[in-house]
Structures are given as C-alpha cells and as structure tokens.
Amino acid sequence: MSKLVKIIFLVSLVAIIASCGKKQGQALLASNAAQKVYVAPGEKDEVYAFMSGGFNGQIGVYGIPSARLFKIIPVFSLFQENSYGSDEETKDMLLTSKGYVTWDDSHHPELSLTNGNHDGRWLFINGNNTPRIARIDLTTFETKEIIEIPNTAGNHASPFLTENTEYAMSATRFSIPIPQKDIAIEEMGKGKFNGSISMIKIDPKDGKMSVELQMLAPAFSYDLSRCGKGPSHDWCFFTTYNTEQAFQMIEVGASKNDKDYVMAFNWVKAKACKDAGKAKDFSGVYYHNYLPENAPAVAEKMSGVKLLDPKDCPGVAYFLPTPKSPHGSDVDPSGEYIAAGGKLASVIAVHSYSKLVKAIEDKANFSGEVMGIPIMKYESTLAGEVKKPCLGPLHTEFDNNGFAYTSCFVSSEVVKWDVKSREVVQHMPAFYSIGHLSVVGGDNKKPYGKYLVALNKITKDRYLPVGMELAQSAQLWDISGSTAELLSDFPTVGEPHYAQMIPAAMLKDKTKKIFPLEENKHPYGIKSEKDARIERNGNQVHIYMTSIRSHFKPDKVEVKKGDMLHFHVTNLEQDYDVPHGFAINGSTLPNLLIMPGQTKTMKWEAKEVGVYPFYCTDFCSALHQEMQQYIRVSP
C-alpha cells in the first residue's frame with residue numbers, strides 16, 4: 001500500500017468514525033426550525049436559490065427558506081416538458097462544433113455583478129463536458145445565449161465573473177495538445193500539452209458574450225476560480241492540481257506534490273497585451289448561439305481566436321504554492337484574502353493580495369517559473385493558515401460579519417472560521433460528504449448572509465428510498481446568529497453541484513409576465529384569429545395557427561401523405577399565467593408549451609394516411625378538454 005493510499009484510508013476511517021458519533025444533525029436543529037422554514041399559503045419565499053443540476057445539464061430554481069422547487073430551467077439538455085432543444089425556435093441553441101450536443105454537465109451558476117454585488121440581470125453557467133457557457137435572462141428565467149469555448153477540454157473553472165461582469169473566466173480541466181493533433185499521451189509533461197485560460201467578454205448592455213482572448217497555460221488541471229474585488233479587481237485566482245503532469249493513475253500521480261498552485265491571473269494586463277498586439281491569431285472553431293425575444297435562435301459558426309503566450313506578457317500571471325491538491329479558490333468581501341481549500345491538505349491556506357503585490361516587486365520571492373510564469377515562495381503571499389480545520393476542505397463563502405464557511409468533504413461538515421484571526425469557531429455537521437456550499441451573496445462585497453445551503457455529494461438514508469438511485473440532498477442553515485443552526489434538509493433534482501442565492505426582492509417584481517402581441521416579430525407569428533391560415537409550397541405546408549381559451553384556429557388541417565407540416569402556433573392570450581400546450585397524438589416530437597403572446601413551431605411529417613388528433617396539453621380553462629382538433633392525411 002503506497003504512502004498516499006494509506007493516508008487516504010486513514011483519513012476516511014477517521015471521518016467514518018467521527019460521523020458515526022454524531023446524531024445525524026439533530027443536536028444542531030434550531031428549536032424553532034419548523035417556524036423558520038414555514039412559508040404560509042399566499043406568502044412568498046425570501047430568497048431565490050439557483051442550483052446546478054450537475055449531470056442533468058439544467059438549473060433548478062428553489063425558494064428559500066421553504067426549499068420548494070419552482071422551476072427547472074433547461075440549459076444544455078433537451079427538456080421535453082416545453083420542447084427546449086427540439087422545437088424550431090430553440091434547437092439551434094444546442095449546436096456546437098462537435099454537432100448537435102443535447103446534454104452537458106452543468107456545474108457553476110454565477111449571478112451577474114455590479115460593483116462586486118449581485119445585480120439580478122443574468123445568470124451564467126458552464127457546460128463542463130462540451131465546453132460552453134450559457135446566459136440566462138432573469139426577467140424570463142430562460143436560456144438566451146450559449147457560447148462554445150474553443151481550444152478547451154473540460155470547462156470546469158468557469159464561468160467566474162469579474163467585479164462588474166466585464167468578463168466571464170474559463171479554464172481547462174484537461175490539458176490537451178492545442179491545437180488538437182495525434183501525439184503520444186506520454187508527451188504530456190514535455191511541453192506538448194497545454195491548458196488555456198479564456199476571457200469571455202460580456203456586453204454590459206445586453207449581456208452578449210464573445211471570446212476576447214485566450215492564454216496558453218502549463219499542462220496542469222485548472223479547477224476553480226474567483227475573481228478579485230476592490231483592491232484586487234484586476235485579478236482572478238485559479239486553483240490547479242496535477243502540477244505533477246501525471247498521465248496515468250492520476251489519483252496517485254497527481255497527489256505527490258505537497259503543494260500545487262493558485263494561479264493569480266491579471267486579466268487587465270492580459271487585455272492590454274492583446275491590445276498592444278502581443279496576442280497572435282490562432283485556430284479554433286466554435287458556435288455562438290443566441291435566442292432573440294420570441295423568435296428562432298440564431299447559430300453562428302465562428303473561427304479563430306487571439307492567443308497569448310504568457311512569455312510575451314510578463315506579469316500576466318504568477319503561481320502561488322498552495323497545499324495540497326487545492327480545489328476552491330475564494331476571495332473574501334474585502335478583496336484582500338484568497339482562501340484555498342486543499343482536498344488533501346491539513347490546513348486552509350489564506351493568501352494575502354497586498355502581500356502578493358509587494359512580493360512581486362522583489363524577485364528574491366520567486367522560486368522558479370513555468371512557461372514564463374513566476375512561482376512565488378509560499379510564505380511570501382501567505383496571510384496565514386486555518387490550522388486543522390477539518391478533513392478535506394473544499395469551498396469557502398463568507399457572511400456579513402467577518403466569518404468564512406468552508407465545506408469539508410471527508411469529515412462531512414462545514415467549518416465556520418474568523419477571516420482575520422483564522423480561528424475555527426464552529427463545526428457544522430453535514431450529511432453526507434458536502435461538496436460546494438452557498439451563502440446568500442457569499443461571493444459579494446456585501447453578503448446578505450442569513451442562509452447557508454450545504455450541497456451534499458452523497459445521500460445515503462435521508463429520505464424514503466426510491467430504488468437504487470437515491471435522492472440527492474441539500475441542507476439549509478440559519479447563519480444570522482452567533483451560532484449557526486440547522487433548519488432543514490431537502491431533496492434536489494440532479495446533483496446539486498453549486499448554487500447561488502439572491503434576495504427575492506431583487507427579481508420577483510421585474511419578471512416578465514407576457515409577450516405583448518403587438519411586439520411579436522416572430523417571422524411566423526400572427527396577431528389574431530383572422531390571420532390564421534394554411535399555406536402550401538410544394539409538399540411544405542405551413543399552418544399559421546392561434547390558440548386561445550379554448551380552441552385552435554384553423555379548426556382542422558387536411559394534407560396529403562408525404563407532406564411536411566410546420567405548425568406555427570401563436571398563443572393569443574394576454575393574461576399572465578395562461579400558457580397553452582400543443583401536441584399531436586402519437587407524434588415522436590415533444591410537447592410545445594407556448595407562453596401568452598409567444599409563437600412556437602413544430603414540424604410533423606404526414607407519413608401515414610389517417611386522422612390524427614392534436615390537443616392542448618396545459619390545462620387552460622373549464623373547456624380545456626374540448627381544446628382539440630384533427631389532422632386528416634389523405635393518399
């Protein structure tokens with residue numbers, strides 16, 4: 001048994017023993033926990049929580065403190081409930097350079113920022129598997145844009161935003177040959193593989209994304225990131241692992257070094273170097289897809305990026321040694337401290353931004369370099385360490401009272417510690433094996449505090465069993481008092497990989513209620529029943545259809561076998577909360593769900609002679625059941 005394996009075994013054993021001694025969280029329950037999470041009928045929750053679905057590729061929207069699930073926002077995966085990714089309006093949202101990719105591994109939701117605080121405009125999230133970033137409009141809670149990231153394998157450290165949402169940062173989980181080519185995997189550590197850091201520019205007016213710049217990076221794995229705020233505004237901080245550049249048995253080979261790195265990346269300097277012509281034209285094919293309001297998606301195939309070699313831009317990045325296999329890299333509200341939890345570390349390293357700036361001035365603080373990026377001495381940037389906090393520290397978020405909260409995977413707990421003294425003040429058991437955690441505004445300059453959600457990786461027995469795939473779980477804590485108290489736990493949809501939370505008052509009154517008919521510019525939209533019609537062009541049949549309580553127009557459709565039918569259905573309703581559905585009996589296509597004033601399109605091929613009913617699928621009125629009609633297909 002190797003030394004590393006022995007360490008992991010002993011650490012896990014200690015964690016199991018420690019967990020067995022706990023009372024499953026009951027001892028920490030607030031005495032009035034039920035009252036604190038109860039939201040009476042007709043009342044609204046205090047906070048929105050946006051939780052990534054992990055391997056389901058979606059986002060779940062929950063209310064806090066009730067923990068009720070409100071909605072699933074489809075992002076990277078087909079969603080048959082409302083035909084996202086299948087109907088003619090949204091299917092191009094899933095186009096990539098690899099083809100029509102209808103699934104992804106969504107990890108890190110990020111709310112847009114102004115002056116370092118959430119502003120309630122947009123929500124961004126990464127696709128880890130096929131590297132993409134999506135933007136969700138928080139007036140409609142719909143995915144409006146997806147951009148693919150070229151020259152990238154594994155878009156994990158993404159999409160972390162700068163202080164005013166100038167850029168979303170993206171870094172590679174897997175190092176690869178850039179550009180891709182056939183090369184021996186054993187060449188990885190010989191400079192033949194690379195990682196990359198991408199700067200995705202965000203238009204401040206409409207949120208549109210574009211690839212501004214990519215920077216080559218050493219062939220490490222780039223894990224997570226946070227960007228600076230206040231004094232550290234110009235910087236983003238990425239954790240790395242596998243600085244050993246192991247290419248087989250990674251769990252052992254990538255865990256040999258006592259310290260890996262936090263990369264401090266100066267995005268302002270990188271942009272300046274690009275503007276000075278130091279970045280070179282480089283290959284890279286990718287798709288940029290966006291969804292205009294109430295219109296079909298636009299998919300643009302893009303080619304070429306600006307690529308920067310760090311050797312051509314001195315001072316653009318520095319490596320800060322950090323123990324051991326660091327995962328989270330989190331900046332406190334002041335912008336001064338960068339906490340980095342190491343999966344195999346016995347301390348939480350807290351770097352100081354001001355010490356970093358000072359240390360850069362004297363090369364005596366450099367201990368080496370990789371690809372022209374200086375490696376700093378550990379002590380030169382270190383503010384201090386949180387000693388023996390827990391087993392397997394990962395992610396840290398902050399409250400509004402000077403405390404930090406770090407999740408600990410191995411010992412299944414959250415530790416609360418003082419940011420300045422770095423003393424642990426409370427251990428908060430989590431069940432089981434917490435990954436990320438989220439505090440309302442916990443990455444802001446002014447955290448809202450109050451609620452913390454622990455996003456657990458492994459659920460064993462929290463709920464009634466539902467077969468072999470047990471429910472995923474999260475736990476809600478009240479952190480507003482001097483001692484944090486457990487309020488509830490609740491199942492989640494998909495793996496609750498990460499979440500961000502925002503006060504409901506910032507969103508609820510500006511959510512969109514209808515699409516005004518007079519503003520409907522959909523190329524196949526119509527404004528009233530008198531415009532309803534059927535047009536034929538060869539075997540292509542376009543049905544300009546309306547839906548309103550409780551009927552469709554045209555009333556019936558008659559076509560020939562072999563015709564291709566295009567149902568363009570406009571919902572004429574202008575009342576809030578009166579959607580209509582559209583489905584064809586026996587069709588292989590999913591349901592359309594059409595909001596008031598919206599137009600959606602379904603294609604249906606008349607393959608067989610017969611009579612085929614279609615009907616409204618979303619209960620709309622007392623005569624909803626009568627909202628049905630027929631397609632007649634003749635020879």
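Would you please classify the overall shape of region 270-427 from the alpha carbon gyration tensor, given that a ≥ b ≥ c denote the square roots of the eigenvalues, rounded means a/c under 1.5, and beyond that prolate means a/b larger than b/c while oblate covers the rest?
In terms of gyration-tensor shape, oblate.
Pull up all non-local amide H partners of Ala157: gap of 5 or more, or a different chain, and H-to-H distance under 5 Å with H placed in the peptide plane.
Correct list: Ala171, Arg173.
Would you work out the Kirkwood radius for the chain? I mean one over the mean of 1/r across all pairs of different Cα atoms, in Å.
Result for the chain stands at 26.2 Å.
What part of the accessible area of region 250-334, given as a whole %, is carbon or sulfur when the probe is 1.4 angstrom?
For region 250-334, the apolar C and S fraction of the accessible surface comes to 50 percent.
Give the residue from Tyr612, Pro590, Asn571 lying farthest towards the positive end of the charge dipole for region 535-635; charges sit on Cβ (+1 for Lys and Arg, -1 for Asp and Glu) and the dipole is referred to the Cα centre.
Tyr612
Where the centroid of each part is defined by its Cα atoms, how far is region 506-538 from region 210-270 in Å?
That distance is 46 Å.
What distance in nm separates the two pseudo spin-label positions at Lys181 and Lys527, each 7 Å out from Cα along the beta-carbon direction?
Here the modelled spin labels are 6.0 nm apart.
Please get the size of the charge dipole for region 509-635, origin at its Cα centre, with Cβ charges of +1 on Lys and Arg and -1 on Asp and Glu, quoted in debye to the nearest 20.
340
Along the charge dipole of region 279-376, which of Pro296, Leu356, Leu344 sits closest to the positive end, that is, farthest toward it, with unit charges on the beta carbon of Lys, Arg, Asp and Glu (+1, +1, -1, -1)?
About the Cα centre, the residue reaching furthest to the positive side is Leu344.
How large is ³J(HN,Hα) for each residue in region 487-503, as worked out from phi by the Karplus curve 6.51 cos²θ - 1.76 cosθ + 1.60 (θ = phi - 60°), to whole Hz, x for Gly and Pro?
Once rounded to whole Hz, the list reads 9, 6, 10, 8, x, 10, 8, x, 7, x, 5, 8, 9, 10, 10, 9, x.
Using a 1.4 Å probe on the protein chains only, how many percent of the accessible area of region 135-182 belongs to carbon and sulfur?
47
Taking the Cα-to-Cβ direction at Glu300 and at Val466 and moving 7 Å from each Cα, how far apart do the two end points lie in nm?
Placing both labels 7 Å along Cα→Cβ, they lie 4.1 nm apart.
Skip the ligands, DNA and RNA, and give the accessible area per residue of region 286-389 with a 1.4 Å probe, whole Å².
Roughly 38 Å² per residue, with all protein chains present.
By how many nm would the segment from Ser634 to Val39 grow when fully extended, if each residue of separation counts as 0.36 nm and the alpha-carbon distance is taken off?
Answer, rounded to one decimal: 208.6 nm.
Hey, can you find the accessible area per residue of region 45-203 for me, probe 1.4 Å, expressed in square angstrom?
29
Give me D for region 589-635 in µm² s⁻¹, whole number, from Stokes-Einstein with Rh from the Kirkwood sum over alpha-carbon pairs, 20 °C and 1.002 mPa s.
169
State to the nearest 20 debye the size of the charge dipole of the chain about its Cα centre, where the only charges are +1 on K and R beta carbons and -1 on D and E beta carbons.
760
Using unit Cβ charges (K, R positive; D, E negative) and no other charged atoms, how large, in debye to the nearest 20, is the dipole of region 223-372 about its Cα centre?
200
Quick one: pull the percentage of alpha-carbon pairs in region 512-617 with a separation above 25 Å.
More than 25 Å apart: 17 percent of the Cα pairs in region 512-617.
Determine the calculated [θ] at 222 nm for the chain from helices alone, applying -39500 (n - 2.57) to every DSSP H run no shorter than 4 residues and normalising by the residue count; nearest 500 deg cm²/dmol.
For the chain, the value works out to -2000 deg cm²/dmol.
So for the chain, averaging the separation of alpha carbon pairs under 8 Å that are six or more residues apart and normalising by length, what relative contact order in percent results?
So the answer I get is 11 percent.
For region 355-471, state the average projected area of the convex hull of the C-alpha atoms over all orientations, rounded to one decimal in nm².
10.5
Sticking with the crude label model, points 7 Å out along Cα→Cβ, report the distance from Arg68 to Lys280 in nm, one decimal please.
Label-label distance for Arg68 and Lys280, simple model: 5.9 nm.
Please list, in order along region 437-446, the HN-Hα scalar couplings obtained from phi with the Karplus expression 6.51 cos²θ - 1.76 cosθ + 1.60 (θ = phi - 60°), rounded to whole Hz, x for Gly and Pro.
So the Karplus estimates, Gly and Pro as x, are 9, 9, 10, 4, x, x, 10, 8, 6, 10 Hz.
The chain: longest stretch without exposed chymotrypsin sites (Phe, Trp or Tyr not before Pro) (DSSP loop, at most 14 other Cβ within 10 Å), sites themselves excluded?
39-462
State the answer as a single residue: which of Phe319, Ser86, Ala134 lies farthest towards the positive end of the charge dipole of the chain, with beta carbon charges of +1 for Lys and Arg and -1 for Asp and Glu, about the Cα centre.
Of the listed residues, the answer is Phe319.
Send over the per residue convex hull volume for region 157-284, Cα only, as a whole number of Å³.
116
Taking θ as phi - 60°, what are the ³J(HN,Hα) couplings along region 52-63 by the Karplus curve (6.51, -1.76, 1.60), each to the nearest whole Hz, with x for Gly and Pro?
Listing the rounded values in order: 5, x, x, 6, 8, x, 10, 10, x, 10, 10, x Hz.
The values are calculated or read from the model by the stated rules, or taken from the named source; none is laboratory data. Predicted model, so just to flag it, every value in this text is computed and none were measured. We place every Cβ from the backbone using ideal geometry, glycine too, and count neighbours over all the protein chains shown. Heavy atoms of the whole protein, side chains included, go into the accessibility calculation; ligands, DNA and RNA do not. Shrake-Rupley method; radii C 1.70, N 1.55, O 1.52, S 1.80 Å.
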